[in-house]
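Worksheet: the structure to be examined is printed underneath.
The values are calculated or read from the model by the stated rules, or taken from the named source; none is laboratory data. Computed from a prediction, not measured in an experiment: that's the story for all the values here. So basically every Cβ, Gly included, is an ideal-geometry build from the backbone, and we count neighbours across all protein chains shown.
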Amino acid sequence: MNDRAASAGGLRDAEAAPRRPLLRVEDIVKHFGGAAALAGLTLTLGEGEMLGITGPNGSGKTTLIDVIAGSVRPERGRVWLGTRDITAWPPYRTVRAGVARTFHAPRLSANLSVRQNLEAATLHRNLARRRRDETVSRALDLAGLQPLREREVRTLTLGEIRRVAVGRALATGAHVLLLDEPFASLGPEEIPKMLSALRRLRETGISVALVAHSYSVLQALCDRVVVIAAGRVVGGGPPSDLWHA
């Protein structure tokens, strides 16, 4: 992100979301070793919205995802999913409520196939075999993974692995996806495939919070972008309004 994105004239009110809020994060505070990772952060994710989250390294983006997903407990503030207070719910309960996430370093079973990794993500739902197969097939389609379905994850490229992580999150049945830097370290031949997968996600109406650094990615995918610095949202709006030629 260039420096002009942080100028006051280039930012709109971060809470000017045009859609009904589905996920609300209110006044979240979290410290690590005396340093504030999140310092009263507040934002919303609308129904069917793809929200970009950007900012410098160390600004609190991943900690925010961790708090929403339940792997980090905040010291202050609340997380709401619709009318439910899901603050500090354990990750398994958050997933069952319909919120799934990916990690900057994907956490997959390397010796299992792509299909098996996605099937494992459905187990908490106790689906009938036919419904499970349909769920996995749909996730494979959306993530662009059908040609790789029987490949072991350990044989895949980084870009393919990151798309498996997205597919696995989808297979949980989530209606909110938290994607932590899915484009990180991808080469020029892999970025278009991830872009295509996330564009397909947009068409499903799933709400997505996407952590990314690239302006071109944010411009191509997001309805709205919030900028985080020092653990706070410092502004936001449509991506075209945050950067000026």
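Values computed for the structure shown
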quantity	calculated
Per-region count, segment 1-40, residues loosely packed, with under 13 Cβ neighbours inside 10 Å, modelled with pLDDT under 75 and small (Gly, Ala, Ser)	4
Residue satisfying all of: in segment 64-105; under 16 Å from residue 43 (Cα atoms) and in a helix (DSSP H, G or I); nearest to the chain's Cα centre (by Cα) among these	65
Filter result for the condition that a residue is at pLDDT 95 or above, within 19 Å of residue 142 (Cβ to Cβ), buried (at least 21 other Cβ atoms within 10 Å of the Cβ) and polar (S, T, N, Q), over 207, 196	207
Among residues of segment 64-89, those that are in contact with a Leu (Cβ under 8 Å, 6 or more places away or on another chain) and either without any contact (Cβ under 8 Å) to a residue 60 or more places away in the chain or of a type in the set (A, V, I, L, M, F, W, C) (or both), counted	10
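One line per residue, one yes/no per condition, for (1) closer than 18 Å to residue 207 by Cα; (2) of a type outside the set (Lys, Arg); (3) loosely packed, with under 14 Cβ neighbours inside 10 Å:
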position: 49; (1), (2), (3): yes, yes, no
position: 60; (1), (2), (3): no, yes, no
position: 77; (1), (2), (3): no, yes, no
position: 90; (1), (2), (3): no, yes, yes
position: 94; (1), (2), (3): yes, yes, no
position: 113; (1), (2), (3): no, yes, no
position: 116; (1), (2), (3): no, yes, no
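One line per residue, one yes/no per condition, for (1) under 25 Å from residue 160 (Cα atoms); (2) touching a His at 6+ places or on another chain (Cβ under 9 Å); (3) among the aromatic types (Phe, Trp, Tyr):
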site	(1), (2), (3)
62	yes, yes, no
74	no, no, no
82	no, no, no
95	yes, yes, no
106	yes, no, no
110	yes, no, no
117	yes, no, no
134	yes, no, no
